[in-house]
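Computed from the coordinates by the stated procedures, all read-outs in this text should not be read as laboratory data. This structure is a prediction, so every number in the text was calculated from the model and none was measured. Note: ideal-geometry Cβ built from the backbone for every residue, glycine included; neighbour counts use all protein chains shown.
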Amino acid sequence: MGERMPRGGASGDPLRVGVAGIHGHGATHVAEALRLERAGRVRLIAVADHRAPEIAVGEAAVFADAAAMIADADLDLVVLSTPIHTHVPLARAALEGGAHVLLEKPPAPSSLELEELDAAARAAGRAVQVGFQSLGSTAIDAVRELVAGGVVGEVRAYGALGTWVRAVDYWTRSAWAGRRELDGVPVVDGAVTNPLAHAVATALAVAGARSAHDVVDVELDLLRANAIQADDTSSLVIRLRDGRTVAGALALTASRRSEPCVTVEGELGRIVLWYTLDIVQVVRDGEPFPATTRHPRVSLLENLVSHITAGDELLVPLGATAAFTRVLDAVRAGPDPRPIATEHIERVHDGAGEHLVVRDLERWAARVVAEQATFADVGAPFAR
Ligand SMILES: NC(=O)c1ccc[n+]([C@@H]2O[C@H](COP(=O)([O-])OP(=O)(O)OC[C@H]3O[C@@H](n4cnc5c(N)ncnc54)[C@H](O)[C@@H]3O)[C@@H](O)[C@H]2O)c1
C-alpha cells in the first residue's frame, strides 16, 4: 500500500475511523466513535463484524471481516475489539495500511509478540493505544501522589481484588471464550488475563511497574469451577523488582458481583482504588472514616485522536502494558488450571442467570490480599 497523506492534524479533517468487532465490548467503541463524530473529531467510516450490526452504526459502511475493512476502507484509525488471538495479526495489518490502532486488551499473547508489534508500530510511525480504560483515569496518578506524600507511610504491598459473576453461557458465547488456546494458537482467556485483567494492569500501574523487567516472578494458583480450559477462580502473587508484591484474587465464581479494587497496603493504613469508578479512599489507622475522592477519566479513543491530531501524550502505549504481558506469559506458559471439587461449588439460578458459585470465595479472596499469598497458601478448602 502506498504512502498515505496524514489527516486530522494540519489538514483539520476529521479522522476516518473503523471499528472491528462491534458486538460484545465493541459496541462501546462504536458508541464512543459516534460521540466523537458528533463533536466533529472523527468520522465513523466503517464497521466490521461476522454478524450484521444489531446496534446503531451511523453512516458507516459494513464489512463482514476486520481484514477486509482494513484493506478497503482507507482508515486513519482502526479500533480492534475482536477476540484476543486476532489482535496481533489485525493490528499489524492496520499499521501496514498506515492506520493508528486502538487495540483491546490483552494486546498480545506473549511478551515477544508485544515487543514485535511495538517495533512494527515504530517502523510505521503510527500509535497503538491499548484498551485498558482504567489506565486512562487520573485516579492512578492521584494514588501515586498520595503514596509519594507518605499518607499511608511505607508501602508494604499491593492488592488486586475482583470477585464477579459470569453466567455459564458467558463461556459458550464464542468459540474462543474460556480457551487457553484454539487450533494451536494461544488465546489465554481466563479471569487473570481477560475479564479481570484491568485489576492486574491497574495494580501494576499503581505500583509503577510498566516494563517486563519490573516483574521478577509470578506465583500462580489458577483454578476453575466451570467446564473450561482457562481459569475462573484465580490467585497470584507478583514479585516486583523493588521487592514488593502484588497479590491478586480474581474470580468469576462469586455469589454476586462486588466492586473490584486495587489496594496499597501501607504501614499507617491503606489506599483503595475502586478502579471502575475512579474513586480513591484513604483508610488511615485510627481514623474512623475514609477520605474519599473521585477523579476524572479520559476516553482512550479520544486520547488517541488527540495524540494523532495535537500530539497529546498517549495514555496506554504498548510499552506500558509490558509488565502486564509478563504476567500473561506466566499464565500462558503455566500449568492448566486445576478443577475445583464439586463439593465446593454451588449451581445457582438467579437474576444473573445460571452460574457457578465457589463457597466462601469472598472471604478467602480478602485473605489472599491481606496475607499476600495464594488461595492454596492461605488454606482455602477449594484450593486443596
Ligand atoms: N476494555 C474492556 O473493558 C473490555 C471488556 C470486555 C472485552 N474486552 C476485550 O474486547 C475484545 C472482544 O471481547 P468480547 O468479550 O467483546 O468478545 P465477543 O466474542 O463477545 O465479541 C467479539 C466480536 O468480534 C467479532 N469478530 C470476531 N472475529 C472478527 C473478525 N475477524 N472481524 C470482524 N469481527 C470479528 C465477533 O463476531 C463478535 O461480535 C477482547 O480482546 C476482550 O478482551 C475489553
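Under a Cβ-only charge scheme (Lys and Arg +1, Asp and Glu -1), can you give me the dipole magnitude of the chain about the Cα centre, in debye to the nearest 20?
Dipole magnitude for the chain comes out near 300 debye.
Give me the distance between the Cα centres of the range 124-155 and the range 324-362, rounded to whole Å.
So the separation of the two Cα centres works out to 28 Å.
Sorting check: for 134-140, 13-19, which peptide has the highest mean count of neighbouring beta carbons within 10 Å, and how do the rest follow?
For the peptides 134-140, 13-19, the packing ranking is 13-19, 134-140.
Quick check on the range 15-130: what are the equivalent-ellipsoid semi-axes from the Cα gyration tensor, as sqrt(5λ), descending, whole Å?
22, 15, 12
If each of Arg384 and Arg256 carries a label point 7 Å out from its Cα toward its Cβ, how far apart are those two points in nm?
3.0
Run the simple label-point estimate for Val168 and Asp360 please: 7 Å along Cα→C-beta, distance reported in nm.
Calculated label separation equals 2.5 nm.
If you restrict to DSSP beta bridges whose two residues both lie in the chain, what percentage is antiparallel, to the nearest 5?
65
Compute the distribution of all C-alpha to C-alpha distances in the chain, in bins of 20 Å from 0, and list the percent of pairs in each, rounded to whole numbers.
Spelled out per bin, shortest first, that is 29, 57, 15, 0.
Under the √(5λ) rule applied to the eigenvalues of the Cα gyration tensor, what semi-axes describe the equivalent ellipsoid of the range 108-213? Give them in Å, descending.
Over the Cα atoms of the range 108-213, the ellipsoid semi-axes are 29, 22, 12 Å.
Suppose only helical runs count, i.e. DSSP H with n ≥ 4. What mean residue ellipticity at 222 nm does that imply for the chain under -39500 (n - 2.57) per run, divided by all residues and rounded to the nearest 500 deg cm²/dmol?
Per the formula, -8000 deg cm²/dmol.
Between Arg338 and Asp65, what FRET efficiency follows from the Cβ-Cβ distance if R0 is 45 Å, with the result rounded to 0.05?
The formula returns an efficiency of 0.75 here.
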